[in-house]
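The values are calculated or read from the model by the stated rules, or taken from the named source; none is laboratory data. A quick note: this is a predicted structure, and the numbers were derived from the prediction, not measured. Here the Cβ positions follow ideal geometry from the backbone for every residue, glycine too, while neighbour counts run over all protein chains shown. Protein only, heavy atoms only, side chains kept; ligands, DNA and RNA dropped before computing areas. Shrake-Rupley method; radii C 1.70, N 1.55, O 1.52, S 1.80 Å.
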Amino acid sequence: MSYDPPHPSYTYPWQPAPPEPPRPARPAREPLGHHSDLRLLRSAYRWQRRTATLTALGYFTLFLVLSACAPGVMTSTVADGIPAGLLLALLQLPVTWLAIALYEHTARRQVDPLADRIRKQAELDARRGAMR
C-alpha cells in the first residue's frame, strides 16, 4: 500500500501546499475581436458598398442592355435631334455622382457612428489593459 499525496509538487504530507496561481481577471466586456459591434459595422459597410455599387453599375448595365437589345430606343431622337443613347450616356456622370453622394450619406449616417463607438471602446480597453 502506497501513499499518494494530494498535490504532486511536494512529497511529505506536513509540507504546505504551494499557492494557487492567481486567476486573470475577466474583462467587463468581451474582447474587441468578438464584439457584436464589429458585426454591425461589417454589415453596415457591406450594405453601403452594395448600395453605391448597384446604383452606379446598375445604371451602366441598363445602358448596355438598352444599347444591345433596344437599338431603336437608343437611336430615337429626344429633343432637337439629340439621340436617346447620347442623353443616357451623358446621364452616366450624374448617376455616378449620385452613387458617391449616397455612399457618403450612408457613411455619415450608419457606418461612422458605429466606427467611432468601436474606436472609443478600444481606447477604453487599451487604457484598462495598461492600468493592470
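So which helices (runs of 4 or more DSSP H) stay within the stretch 55-131 end to end and still have 1 or more residues that are open to solvent by less than 70 Å² (accessible area, probe 1.4 Å) and either touching a Pro at 6+ places or on another chain (Cβ under 7 Å) or within 30 Å of Leu38 (Cα to Cα) (or both)?
Qualifying helices (runs of 4 or more DSSP H): 71-75, 92-106, 112-131.
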Taking interchain pairs and intrachain pairs at least six residues apart, which have beta carbon atoms under 8 angstrom, with the first residue in the stretch 83-100 and aliphatic (A, V, I, L, M) and the second open to solvent by 70 Å² or more (accessible area, probe 1.4 Å) and not in a helix (DSSP H, G or I)? Ala84/Thr77; Ala84/Val78; Leu87/Val78
Quick test of your reading of the structure: Leu93 fulfils all but one of (1) within 21 Å of Thr51 (Cβ to Cβ); (2) of a type outside the set (Ser, Thr, Tyr); (3) within 16 Å of the chain's Cα centre (by Cα). Name the failing condition by number. (3)
